[in-house]
1. Which of Met323, Met146, Met166 has the fewest other C-beta atoms within 10 Å, and how do the rest follow up to the most?
2. When the dipole is taken about the Cα centre of the chain, and only Lys, Arg (+1) and Asp, Glu (-1) are charged at their Cβ, what size is it in debye, to the nearest 20?
3. Mind listing the long-range amide H neighbours of Ala205? Cut-off is under 5 Å, sequence gap 5 or more, other chains count too, H placed in the peptide plane at 1.01 Å from N.
4. Report the per residue volume, in Å³, of the convex hull enclosing the C-alpha atoms of region 133-232.
5. Enumerate the amide H contacts of Leu100 below 5 Å, restricted to partners 5 or more residues apart or on another chain; note that Pro and chain-start residues carry no placed amide H.
6. Under 5 Å between amide hydrogens, which residues at least 5 positions from Leu277 or on another chain qualify, with H placed 1.01 Å from N in the peptide plane?
7. Using Cβ counts within 10 Å as a stand-in for footprinting exposure, how do Asp160, Asp307, Asp329, Asp290 rank, fewest first?
8. How long are the three semi-axes of the equivalent ellipsoid of the chain, in whole Å, if each is the root of 5 times an eigenvalue of the C-alpha gyration tensor, listed from largest down?
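Nothing in this text is a laboratory measurement; each read-out follows from the coordinates by a stated rule. Computed from a predicted model, the values in this text were never measured in an experiment. With ideal geometry, Cβ positions are generated from the backbone for all residues, glycine too; neighbour counts draw on all protein chains shown.
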Amino acid sequence: MKLLSLEGLRNLLDTLGQEVFYRAVLEALERDFKRWGDFIKTPRLATHYPFGVIELMPCADRQFYTCKYVNGHPGNTAQGKLCVVAIGILADVDSGYPLLISEMTLLTAIRTAAVTALAAQHLARRDSRHLAIIGTGAQSEFQVTMVQRVRDLQSVSYFDPDPRAMDKFARNLAFSGLALLPCRSIQEAVADADMVITATAAKQANDLLQLDWLKSGVHIHAMGGDCPGKTELGLALLRASKIVVEYRPQSLAEGEVQNLDETAVHAELWQLLTGELAGRENATEITLFDAVGFALEDFSMIKLLYDFSQQSAYQHFFDDIAMLPEMADPKDLYGCFMPGRKAH
């Protein structure tokens, strides 16, 4: 079995370069969303606590099965820990044997940003130049740098109630080529934005954006609301928007649309990517992608990394680990347990 550690992933990304890897991620996600019908899909299994959530996110096609363990604990940063950490596994469907265990904390941030970019290609105006981001936590820079791949951004306005997070954001994007515009409020940040990303972590119902703050034809990507009772946007904005989601059954339970019925959803993302339904249809409509994170996206990431592990140029970034018994007699599992006996 292969293991991709954080060190192995960082070395792989250093070798490939950000541009090459980001493009590979976008292509893998688009390819898998376009074959939506090939997947066995289910909403994630979530265990909720007052202070956070722990989730299992499975997805499979006829060849591979994947599952991600992931948490969401907004209070972790006060203890010097990440809000979100994750581990993924990929297995062979025919035998059930695991093939790869992978770091997924960094990969989750990258795939989440890639979904933002895919949605923006179909929902944000082509002439979008000014991005606003509300919440400059751990995923914010990934969001901006991935959207740069699909829209010719010139400026980014940003706001976070934590000044240290805003300073961190500015340091990390100092060489992005973008005009960075720190703001004192959400209203100031979104005032002239062509696209708005909300990436807040508080586990509560919020109403971050008011309709009269927003520019005509704005595209909103709401990614902070991702469990029951946790939302970022009010009903007035939702009802004024063309809403696209990842997977209806999960979004209606966890997303911004949890307070609406199914008729409020215009489309799932795969329908835009395949051309079954239209995305943006004019320059003045408000579009909203209600992102909660779906397991197919993790499937795409883990499978992409497994493909790299099978290429001789990249195999050395993956460790071989002996996690499964190998025996001359597969019915003699007990023999592995007996003192002095070794598996063959």
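1. Ascending Cβ contact count within 10 Å gives the list Met323, Met166, Met146.
2. Using Cβ point charges on Lys, Arg, Asp and Glu, the chain gives about 300 debye.
3. Thr231
4. In region 133-232, the Cα convex hull volume per residue is 99 Å³.
5. Hits under the 5 Å cutoff: Lys2, Leu90.
6. For Leu277, the qualifying residues are Leu272.
7. Asp329, Asp307, Asp160, Asp290
8. 37, 21, 20
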